[in-house]
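Data first, discussion second: the structure below is written as structure tokens.
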Amino acid sequence: MSDASFTPDSRSLQVNGLELHHLDWGTSGRPPLVLLHGIRLHAHCWSHFSRAFRGDYHVLALDARGHGDSGWSEEGHYHLNDLYEDLHAVLEERKLGEVTLIGHSLGARTAMLYTHLHPERVRRLVLVDMGAGLPPTAKPVDFSRYTETPPPKDFATHEEAVEYLGGILRLAPRELIEESVRFGMRELPSGNFTWKYDPALSGPPRPRTGTPEWDLWEAVKTIDCPTLLLHGEHSRVVTPEIAQRMAAEMSDCRVELVEQAGHALFTDQPEAFAKSVKRFLAASHE
């Protein structure tokens, strides 16, 4: 079912001292499919995908803290542990039981950690252009620049932002860029518009006092549910070496390359992305 006129329910929960927002695409009672976006994105970036899958699944797309219509952490608490704890609390509150998690970039890291800590709660796992680690680089690289997350910038109109984002996501269908801008911007006191995420997310993540950093390479070795790693042909985030290591170190990880796509591959090639996920879920008896 793919109905462009369908509007999902907008829901908010008080979780860990913040109001966390998510989109509920309906069909309650069907197998739950939970979508986690990447850094500086928002729940509506999954809308095209959600429309195609909502007939067969109970689809929920979450706004992570500091993103979209969720609250901002006054203390700048955006550690991976914070995101994991938020996800766990939302799934507990919604009483979804066993779920399939689909995570892009930072959302994929959150999904890996959640699956490692709660293997009994995850039936299937889809990782979108993110492995357990990043490729080595000669100098620090902000990999989020290769998704639909340009640096903070003001725009006089949404149309101006669409043109700007379209220049970055040259492979993406225009209507997906327009929808992302429509739901992914907030108005400033000046009357201009900027991206709808906490500016604190523009800097490096802060360590969380008393919490060790997770080694996700060790974590993924414990994950035994069927897993699909999709990576973009032009991505600088998942290299062939990382993809091969994921397939080798996880007990059941299938790897697929999406051609003519970068880090934001579900936006660059939405139909190819959806077909790959559908094949995986069918093959793994979802």
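Checked against the criterion of being among the polar types (S, T, N, Q), assigned to a loop (DSSP other than H, G, I, E, B) and at pLDDT below 90, region 192-210 has at least one qualifying residue.
Can ASP268 be described as more than 20 Å from SER50 (Cβ to Cβ), touching a residue at least 12 places away in the same chain (Cβ under 8 Å) and among the acidic types (Asp, Glu)? Spelling it out, it is not the case that ASP268 is more than 20 Å from SER50 (Cβ to Cβ), touching a residue at least 12 places away in the same chain (Cβ under 8 Å) and among the acidic types (Asp, Glu).
Would you mind stating whether THR211 is under 21 Å from GLY103 (Cβ atoms), of a type in the set (Val, Ile, Thr) and surrounded by 15 or more Cβ atoms within 10 Å (Cβ to Cβ)? Taking the combined requirement at face value, the residue does not satisfy it.
Exactly one residue out of LEU60, LEU83, LEU106, LEU87 is under 20 Å from ALA282 (Cα atoms), of a type outside the set (Phe, Trp, Tyr) and within 13 Å of the chain's Cα centre (by Cα): that is LEU60.
A search for C-beta distances below 6 Å between a residue of region 178-200 that is without any contact (Cβ under 8 Å) to a residue 60 or more places away in the chain and farther than 15 Å from LYS153 by Cβ and any residue that is surrounded by 16 or more Cβ atoms within 10 Å (Cβ to Cβ) and of a type outside the set (D, E, K, R), counting only pairs 6+ apart in sequence or on different chains, returns GLU178/VAL162. Residues that are at pLDDT below 95, over 26 Å from GLU179 (Cα atoms) and assigned to a helix (DSSP H, G or I) within region 245-286 comprise ALA282, ALA283, listed in sequence order. Can you tell me which residue is nearest to VAL277 (Cα to Cα) among those in region 48-84 that are charged (D, E, K, R) and surrounded by fewer than 18 Cβ atoms within 10 Å (Cβ to Cβ)? Of everything passing the filter in region 48-84, ASP56 is nearest to VAL277 (Cα to Cα). Counting the residues of region 2-32 that are of a type in the set (Ser, Thr, Tyr), closer than 24 Å to LEU125 by Cα and in a loop (DSSP other than H, G, I, E, B) gives 2. Counting only helices (runs of 4 or more DSSP H) that fall entirely inside region 91-183 and contain at least 3 residues that are at pLDDT 95 or above, surrounded by 14 or more Cβ atoms within 10 Å (Cβ to Cβ) and touching a strand residue (DSSP E or B) at 6+ places or on another chain (Cβ under 7 Å), the qualifying elements are 106-117.
Looking only at region 211-227, decide whether some residue is over 27 Å from ARG121 (Cα atoms), polar (S, T, N, Q) and assigned to a strand (DSSP E or B). Looking through region 211-227, none of the residues is over 27 Å from ARG121 (Cα atoms), polar (S, T, N, Q) and assigned to a strand (DSSP E or B).
The values are calculated or read from the model by the stated rules, or taken from the named source; none is laboratory data. Being a predicted model, the structure only gives us computed values, none of them experimental. So basically every Cβ, Gly included, is an ideal-geometry build from the backbone, and we count neighbours across all protein chains shown.
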